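Some notes on the structure that comes next.
The values are calculated or read from the model by the stated rules, or taken from the named source; none is laboratory data. Model, not experiment: these values are computed from the prediction. Cβ coordinates were reconstructed from backbone atoms using ideal geometry, including for glycine residues, and neighbour counts include every protein chain displayed. Accessible surface is based on the protein model in full, side chains and every heavy atom, while ligands, DNA and RNA are left aside. Shrake-Rupley method; radii C 1.70, N 1.55, O 1.52, S 1.80 Å.
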Amino acid sequence: MGLRLNETFYLSHGSPALAVDDSIPARKFFTSWKERFPAPPSAILVVSGHWDTHVPTVNVVDRNDTIYDFYGFPESMYKLKYPAPGAPQLAKRVKELLIGSGFEQVNEDMKRGLDHGAWVPLFLMYPEADIPVCQLSLSSNKGPTYHYNMGKALAPLKDEGVLIIGSGSATHNLKAMGPRNSPPAPWAQAFMTWLKTSLLEGRYEEVNEYEEKAPYAKMAHPYPDHFLPLHVAMGAAGENAKAKVLHDSWDVGSISCAFFSFTTTNT
């Protein structure tokens, strides 16, 4: 038996400029990743807020292309590459686990590479781009509990050395962005206080019901796509998992760059 992992992660990837802008506070956390977690995983599974499909879909490729799904950034951003190997065997395993857990349809995309919600964090975390990466889509037409159950289905991957990452933003209201270094709005602070307290106290069912339970839920997430990866990471760790805040900062006003880990326990 190789490396077994007992943690899953939800990472707020913030602006694509994270890849090149040293002034973004979260960047230092990403670049120090291997100091914190030195054992390399066998493969990486990423669920990003930037791949949204009607049914779960995995990318089945031998080599990941770099997708530039953003505009208005410096030209240098569009020259960056993250040519990580694909993980077709992992993709097939993900499909097998989901179907075995009652997800009736899981599609395969034989061309898609990595969107910036996947490759920008990995560009800093594993700059050598030598670890196989598979991306799994989310389905924002389904709810948080659906994605939590998706995570539960994928839990066995941790025992196979697979690093499971949900990549989004803990708050994601692009119309409410402020200038860099401006203080977060009260609604963003209230939502984050609720989220951190709920996670640290293990109230995962309430987080699954955040649209009804959380203050300013619709303001924090007008659309759920950047929050749903949290539910996948949370579900993959298990109902008794212990949450931890790994990093907590803000980008462009009220966009949260909080990172959470979920550690599986047997209690």
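Could you grab me the full set of residues in region 213-239 that are in contact (Cβ under 8 Å) with a residue 40 or more places away in the chain and hydroxyl-bearing (Ser, Thr, Tyr)?
TYR223
Kindly check whether there is at least one residue in region 203-212 that is aliphatic (A, V, I, L, M) and farther than 25 Å from SER23 by Cα.
Checked region 203-212: at least one residue is aliphatic (A, V, I, L, M) and farther than 25 Å from SER23 by Cα.
For residues that are out of contact with any Pro (no Cβ under 8 Å at 6 or more places or on another chain), under 16 Å from MET150 (Cβ atoms) and not polar (S, T, N, Q), scanning just region 47-59, find the one that is surrounded by the fewest Cβ atoms within 10 Å (Cβ to Cβ).
HIS54
Picking from TYR82, TYR71, which residue would you name as being at pLDDT below 95 and of a type in the set (Ser, Thr, Tyr)?
TYR71
For LEU163, only one of the following conditions fails: (1) in contact with a Ser or Thr (Cβ under 6 Å, 6 or more places away or on another chain); (2) touching a residue at least 60 places away in the same chain (Cβ under 8 Å). What is its number?
Result: LEU163 passes all but (1).
Could you pull out every one of the strands (runs of 3 or more DSSP E) wholly within region 106-176 that has 2 or more residues that are open to solvent by 10 Å² or more (accessible area, probe 1.4 Å)?
Where strands (runs of 3 or more DSSP E) fall fully within region 106-176 and carry at least 2 residues being open to solvent by 10 Å² or more (accessible area, probe 1.4 Å), they are 107-109.
What helices (runs of 4 or more DSSP H), lying completely within region 207-267, carry at least 2 residues that are closer than 11 Å to PHE9 by Cβ and either modelled with pLDDT of 95 or more or among the polar types (S, T, N, Q) (or both)?
By residue number, 228-237.
For residues that are closer than 12 Å to GLY113 by Cβ and within 19 Å of the chain's Cα centre (by Cα), scanning just region 66-82, find the one that is surrounded by the most Cβ atoms within 10 Å (Cβ to Cβ).
So, considering only residues that are closer than 12 Å to GLY113 by Cβ and within 19 Å of the chain's Cα centre (by Cα), the one surrounded by the most Cβ atoms within 10 Å (Cβ to Cβ) is TYR82.
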